[in-house]
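The values are calculated or read from the model by the stated rules, or taken from the named source; none is laboratory data. These numbers were taken from a predicted model, which means no experiment stands behind them. Cβ placement follows ideal geometry from the backbone for every residue including glycine, while neighbour counts extend to all protein chains displayed.
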Amino acid sequence: MGPITNLGKLIQRDKSIINNINEIIIMGGAKDEGNVDENPNAEWNIYNDADVASIVFNCGIQIQVIGQETKMDFNDTYYQKLLDINTKSSIFTYNAGKGSFQNWGNNWVYDPIVVLYHLNNKILEMKDYHTEVNITGYGTEGSDFGTMYFWPAEGNIKPNIKYSEKLNLDECYKDLEYYLRKY
């Protein structure tokens, strides 16, 4: 979780490694509105190592990007369900979610979606895009450093990512509850 620095550095050091990786699923990026004070169009995970994100997006591996617009909203009813499940993992999820609310003032949960998508790719509708990350202008006021630019993959535009378009929340909650009860 966090910037994809280690992966990008590995690809830089040994490009042959890409032959051993079938797919990368990333939680990060933003098509609409970001979450970085210095650039409201950038998303934190991409902004904090934009150079490396650019390398990863263009390395030739199939990249699934689950952007910050894709989130689960844990409301009080769902928090109660987590307590009712009463397993170690549900209590952990409850505490982590409540911590997010206390720290950031919202109930949005992002990271579990990456794991759930890996287990069941039907929870998300993905769309092919070609994306580039702006890697110039860091620290310059008004810069769009770290912003991801998207072009629909059509005609001569080749896709380099699949980006999350729509989350099936009912399926997502159902899967999450299943795994929390199991573990």
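Quick look at the numbers
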item	result
Residue selected from region 153-175 under the condition more than 17 Å from the chain's Cα centre (by Cα) and under 13 Å from Ile113 (Cα atoms), by the criterion surrounded by the fewest Cβ atoms within 10 Å (Cβ to Cβ)	Asp170
Pair list, Cβ under 7 Å, 6 or more apart: region 139-152 residue in contact (Cβ under 8 Å) with a residue 12 or more places away in the chain and surrounded by 15 or more Cβ atoms within 10 Å (Cβ to Cβ), other residue of a type in the set (Ser, Thr, Tyr) and part of a loop (DSSP other than H, G, I, E, B)	Phe145/Thr136; Phe145/Tyr138
Residue identified as touching a residue at least 12 places away in the same chain (Cβ under 8 Å), touching a strand residue (DSSP E or B) at 6+ places or on another chain (Cβ under 8 Å), closer than 30 Å to Ser143 by Cα and not acidic (Asp, Glu) among Ile113, Ile55, Ile11, Ile4	Ile4
Residues being without any contact (Cβ under 8 Å) to a residue 40 or more places away in the chain and either assigned to a loop (DSSP other than H, G, I, E, B) or surrounded by fewer than 17 Cβ atoms within 10 Å (Cβ to Cβ) (or both) - total across region 127-138	4
In region 83-106, the residues that are in contact with a Leu (Cβ under 8 Å, 6 or more places away or on another chain) and at pLDDT below 90	Thr93, Tyr94, Gly97
Number of the exception - Gly146 against (1) at pLDDT 90 or above; (2) in a helix (DSSP H, G or I)	(2)
